[in-house]
Amino acid sequence: MRFLKLFFVISPSETKNQLKFWINIMDLTGKVIAIMQPRSGVSQRTGNQWMTQEYVIEVPGQYPKKMLFNIFGEDRIKQFNIQMGEDITVQFDIDAREYNGRWFNDIRAYNILRGAAVPAAGEPAVSPFPPQQSMTDATSPFPPAQEPAAEGSTDDLPF
């Protein structure tokens with residue numbers, strides 16, 4: 001799962017006029033293992049039609065994890081057209097709501113990406129960062145490692 005939080009503070013000369021800007025990106029990549037029946041109805045507040053559909057993806061690994069998420073809106077359900085067995089990356093928001101004294105989490109997808117490589121079970125995930133260049137002796141802040149002293153040596157220090 002990837003989580004990115006950016007925080008910007010733009011402050012003019014007066015600190016009381018600070019502007020805070022947050023961006024949260026959460027996503028998970030896996031294989032679609034279940035597609036639930038769509039649910040629909042009419043909003044009591046606005047009288048508009050609504051539709052939602054839930055899906056389950058499995059994230060591979062030594063201990064595979066599953067996540068249930070939903071897509072709200074008939075247009076988005078048709079736009080994403082998620083199929084069983086498909087490898088997808090789900091970008092989502094998490095929210096919670098209270099109902100009859102109990103709290104429930106809501107994981108709502110706002111974007112579906114296809115074509116992302118999903119590592120097989122037991123296969124290590126590939127890092128999104130490029131490999132670091134090794135430092136040369138001239139630029140290294142530490143001296144080169146020294147060979148350990150021979151067994152009959154009087155030097156008993158570990159370094």
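See the values below:
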read-out	value
Test: residue in the stretch 37-45 that is crowded, with 16+ Cβ neighbours inside 10 Å and either part of a helix (DSSP H, G or I) or of a type in the set (A, V, I, L, M, F, W, C) (or both)	no
Residue within the stretch 103-111 that is of a type outside the set (A, V, I, L, M) and either in a loop (DSSP other than H, G, I, E, B) or modelled with pLDDT under 90 (or both) present	no
Checking Tyr63 against (1) free of Cβ contacts under 8 Å to residues at least 60 places away in the same chain; (2) crowded, with 17+ Cβ neighbours inside 10 Å; (3) under 18 Å from the mean Cα position of the chain (by Cα), the condition it does not meet	(2)
Residue count for the stretch 74-102, restricted to those that are more than 12 Å from Ile112 (Cα to Cα), under 21 Å from the mean Cα position of the chain (by Cα) and part of a strand (DSSP E or B)	4
Which listed residue, of Lys20, Lys31, is at pLDDT below 85 and either assigned to a strand (DSSP E or B) or out of contact with any Pro (no Cβ under 8 Å at 6 or more places or on another chain) (or both)	Lys20
Residues of the stretch 46-60 classified as over 16 Å from the mean Cα position of the chain (by Cα) and either buried (at least 16 other Cβ atoms within 10 Å of the Cβ) or not in a loop (DSSP other than H, G, I, E, B) (or both), total	7
Filter pass, Ile71 being crowded, with 16+ Cβ neighbours inside 10 Å, under 22 Å from Arg114 (Cα atoms), modelled with pLDDT of 95 or more and within 23 Å of the chain's Cα centre (by Cα)	yes
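The values are calculated or read from the model by the stated rules, or taken from the named source; none is laboratory data. Because the structure is predicted, anything quoted here is derived from the model rather than measured. Every residue, glycine among them, receives a Cβ derived from its backbone with ideal geometry; neighbour counts consider all protein chains shown.
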